[in-house]
Amino acid sequence: MAELDTSGGGKHKGGKKVRSKKASTRVDMTPMVDLAFLLITFFILTTTLLKPKAMELAMPDKTEQHDQLPVPASRTMTVLLGSNNKLEWYMGEPGKSAPTVDNFGKEGLRKALLDNYDKVKKESGGKEMIVLIKPSDKSNYANLVAALDELNITNIQEHAIVDIMPVEVEELKKQGLYQ
């Protein structure tokens, strides 16, 4: 509460002219601080916290043996995830086509996916391209998520996450992506 202090300050001495009294004001800040803390508490308790976004990922049960269907090499693009936020991709079987070192993003993996998707669709008579993502021991989880995001952006439905083969690890080492 604000209060007004009207005391003159000193004693009146006889014979002197009395001056008008100075009004000193003092503002009590306690209610305003209380209100500020109440508002802060209210907004903290009523805001919704950011919920983590999760990506749907269905993985097969490792205890059950499933018969694998043969995958035609002509429709397959393999993406090897290496270190330093780099990747390597090739079409077909390992060792039969030259791998391309690329990065993530619009001008990297996305462009390669779109170009190869159109090429495979023309050559295979309208069949979909199959993308195999093979993370290495030196890649990180963010790179796997980035690769899956690029697949979602390009709307490629047929893809799988599979184990990397030793031949492919050697290829990553040759390109300096297995450090």
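The values are calculated or read from the model by the stated rules, or taken from the named source; none is laboratory data. Fair warning: this is a prediction, and the values are worked out from it, not measured in the lab. Reconstructed Cβ throughout: ideal geometry from the backbone, glycine too, with neighbour counts over all protein chains shown.
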Suppose we keep only residues that are of a type in the set (Lys, Arg) and under 24 Å from Ala142 (Cα atoms) within segment 79-123. Which one would you say is surrounded by the fewest Cβ atoms within 10 Å (Cβ to Cβ)? Lys106
Can you pull out the residues in segment 119-128 that are under 17 Å from Val79 (Cα atoms) and free of Cβ contacts under 8 Å to residues at least 40 places away in the same chain? Lys119
Being under 17 Å from Ile156 (Cβ atoms), modelled with pLDDT under 90 and of a type in the set (Asp, Glu) is the filter here, so list the residues in segment 65-117 that pass it. Asp102
Please state which of the following conditions Glu171 fails to meet, knowing it meets all the rest: (1) assigned to a strand (DSSP E or B); (2) more than 24 Å from the chain's Cα centre (by Cα). (1)
Only residues that are surrounded by 10 or more Cβ atoms within 10 Å (Cβ to Cβ) and not hydroxyl-bearing (Ser, Thr, Tyr): list them for segment 38-48, please. Leu38, Leu39, Ile40, Phe42
Among strands (runs of 3 or more DSSP E) completely within segment 27-118, the ones holding 2 or more residues that are among the hydrophobic types (A, V, I, L, M, F, W, C) and under 25 Å from the mean Cα position of the chain (by Cα) are 76-81, 86-91
Given the conditions (1) of a type outside the set (Val, Ile, Thr); (2) surrounded by 13 or more Cβ atoms within 10 Å (Cβ to Cβ); (3) outside any helix (DSSP H, G or I), report the number of the one that Gly176 does not fulfil. (2)
Matching entry among Val167, Val131 (being under 23 Å from Ser74 (Cβ atoms), among the aliphatic types (A, V, I, L, M), touching a residue at least 12 places away in the same chain (Cβ under 8 Å) and surrounded by fewer than 14 Cβ atoms within 10 Å (Cβ to Cβ)): Val167
Test Glu158 against the stated conditions and say whether it is under 21 Å from Arg75 (Cα atoms) and either more than 22 Å from the chain's Cα centre (by Cα) or polar (S, T, N, Q) (or both). yes
Among the residues of segment 125-143, are any on the phi > 0 side of the Ramachandran plot and not aliphatic (A, V, I, L, M)? yes
